[in-house]
1. So what J values fall out for region 230-240 if you push phi through Karplus, 6.51 cos²θ - 1.76 cosθ + 1.60 with θ = phi - 60°, rounded to Hz, Gly and Pro as x?
2. Using Cβ contacts closer than 10 Å as the measure, can you line up THR133, THR256 from fewest to most?
3. Starting with the fewest neighbours, write out ILE192, ILE124 ranked by other beta-carbon atoms found within 10 Å of each beta-carbon.
4. For region 224-281 and region 152-179, what is the centre-to-centre distance using only Cα atoms, to the nearest Å?
5. Once all Cα-Cα distances of region 22-91 are split into 10 Å bins that start at 0, what whole-number percent is in each one?
6. Could you give each residue of region 273-279 its phi-based ³J(HN,Hα) in whole Hz, using Karplus coefficients 6.51, -1.76, 1.60 with θ = phi - 60°, and x for Gly or Pro?
7. Please arrange GLU73, GLU126, GLU238 by counting, for each residue, the other beta carbons lying within 10 Å of its beta carbon, fewest first.
Amino acid sequence: MVLSMKTTEDTYYNLQYKKANPLEHKKSAYKVQKGDNLWVIAKKHLHKKNASNAEISDMMYAIAKLNKKDSLEKANNIKINETIYLPGAINNTTQNHIPQVKNNKQTIKFSEDIKTTTAQINKIIEHPDKHATYSQKSLYKSQNIEKIDDKLYAAHGKAGINYWTNLLSNDNSTLILDKSYSYKSTPTGLVITKKDNNQRYGKTEAQLLVQIDDDGKVKKVSFNSPGVDIHNTRFDYELDKNGNLKRPNNFSQYRTIENLPKEKCEGFINNLQKYVDTNLK
């Protein structure tokens, strides 16, 4: 995750943009049509009837990278009849990738708390019509996110903290690690991703960004709990070193919804510190 003074939404976009690595050979030209956005174009370009959101997202950021749409503003402002280029493929390697833990055994299962809170949240933000278009589903979700009360929102976040604590402390976990940078060349954070197929490209099960201070200590962590992506373009939660669990509003500003006791988040923070000490030296 790129650390800067930008909003969290821009920061999330910048992370995915930097990770994208489209292959430019065999690229093809495409003229933007009415109703197009990068997501729609990516979905069409995959030529895959049942493409997952993760596959579409990977292609979308690859298209953005190929066309130098290096900000969310540029990505959202493509014009009808504009010519953009589509990649021939997506490369599965990235320059700033830290080799992932090579272990294929997986023992972490979703807890009942995650399953229960995921179902309750989906009941609120999922479009009731399964045949609704992607745009209709996205609009419905954005209009209903604020209907998730803080108690339920926090419960899902706490279940996610338990999930991450177990995952990070389990030697059998396969995780993908990426350094994040500010304007300087020194890494200022670490992105940790869990994929359901243990490969770089595939469906993201959960992801977090741990940010460090000038002394290399964990300052705060932004994360998603598995089961449901509440927000499409930003992390669903933020936890600071004082145990303040936060949720974002529509303006990408995070507010505290619960202050967690030290014992609730200590293991999580300590495990993250170990990953930072090992991978950001």
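1. 6, 10, 7, 10, 7, 6, 6, 9, 9, 10, 9
2. On the way: THR133 12, THR256 15.
Placing the least packed residue first, the sequence is THR133, THR256.
3. Taking fewest neighbouring Cβ atoms as first place, the list is ILE124, ILE192.
4. If we compute the Cα centre of each part, the gap is 10 Å.
5. 21, 59, 20
6. 4, 5, 5, 5, 4, 7, 10
7. GLU73, GLU126, GLU238
No lab work stands behind these numbers, since they all come straight from the coordinates. In this text, all values refer to a predicted model and were calculated from it rather than measured experimentally. Backbone-built Cβ (ideal geometry, glycine too); neighbour counts: all protein chains shown.
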